[in-house]
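Encoded as structure tokens, the structure appears first; notes follow it.
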Amino acid sequence: MNYLMQIKNQKPLIHNITNTVVANFSANGLLAIGASPAMANAPEEAAEMASHADALVINIGTCTQDQVNAMIFAGKAANKKGIPVILDPVAIGATTFRTSAIKQILSKVDVLVIRGNAGEIAVLAGLDTEMKGADTLVDEIDSELAIHVAKKYRAVVIATGKTDTITDGDSLTQCKNGVAMLPNVTGTGCLLTAIVGAFSSICADIYDASVQAVCSYGVAAELAMEHTKGPGTFLPALLDELYDLSEEKVKAKANIRELTLKGE
């Protein structure tokens with residue numbers, strides 16, 4: 001399936017309840033690949049907006065309890081209509097409230113994809129991981145932890161790091177696309193979560209959509225890095241490469257390894 005072409009043709013509406021730091025970047029990134037972003041986080045309209053969307057992306061980066069309530073309202077509305085929900089548990093484990101917020105969401109909303117860095121996924125697996133805001137001191141994850149989280153929440157789990165791990169508990173894919181510059185620009189992980197939402201919105205195979213989203217994003221980052229000097233020029237270059245990305249470019253640079261876990 002040519003995800004990028006389908007996104008451009010269908011222009012799926014991606015409802016983002018996200019953090020204030022990355023809202024603009026995420027919206028522009030979604031526009032760049034051809035999706036239509038909606039950045040609505042008021043509890044009074046969250047359910048209505050989600051019911052009109054093709055995917056819902058929940059990001060707790062700068063959440064308040066009102067915003068958590070909006071996420072739950074929107075998540076329940078999305079579940080009712082069969083709309084995929086993607087969760088980014090930003091800096092879970094850093095504070096008691098943040099960890100509680102994720103527990104509230106996961107107890108009341110059926111999430112199809114959880115996308116976090118290695119440390120965030122490790123915390124969801126039950127490990128004590130040192131967090132520094134949205135960053136973590138862990139840049140690799142034991143695949144067994146990702147598999148455990150996937151099975152626990154019956155979701156596709158994407159753990160990003162030096163090597164990105166994608167698993168649904170039965171299959172596992174490792175993706176080595178991407179560049180070291182990504183963590184030096186605020187919101188690149190959050191944008192990936194939003195793009196996973198766009199890919200998931202046009203295909204019933206959420207696992208394949210997640211793999212292709214991660215790989216495509218990594219390829220765009222590699223292409224952007226070919227003509228940038230640092231984080232200041234990398235950000236607009238990444239948007240340009242997402243705008244110009246094609247299935248042919250992704251296939252030419254894809255660096256993924258697929259494993260089957262079922263029956264082992």
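Where a number appears in this text, it was derived from the coordinates with a stated rule and is not lab data. Note that the coordinates shown come from a computational prediction; the quantities given were computed from them, not determined experimentally. A quick note on method: Cβ atoms are made from the backbone with ideal geometry, for glycine too, and the neighbour counts reach across all protein chains shown.
Worth pointing out:
- Search result, residues across the stretch 73-89 that are hydrophobic (A, V, I, L, M, F, W, C) and under 23 Å from Ser210 (Cβ atoms): Ala74, Ala77, Ala78, Ile83, Val85, Ile86, Leu87
- A single entry from Val179, Val196, Val211, Val219 fulfils the requirement of being farther than 16 Å from Ile14 by Cβ, among the aliphatic types (A, V, I, L, M), in contact with a strand residue (DSSP E or B) (Cβ under 6 Å, 6 or more places away or on another chain) and touching a residue at least 12 places away in the same chain (Cβ under 8 Å): Val211.
- Counted residues, the stretch 176-203 - those being in contact with a Gly (Cβ under 6 Å, 6 or more places away or on another chain) and crowded, with 23+ Cβ neighbours inside 10 Å: 2
- Beta carbons closer than 6 Å, at least 6 apart along the sequence or on distinct chains, pair a first residue in the stretch 4-32 that is more than 12 Å from Leu191 (Cβ to Cβ) with a second that is of a type in the set (D, E, K, R) and in a helix (DSSP H, G or I) for Leu4/Glu247.
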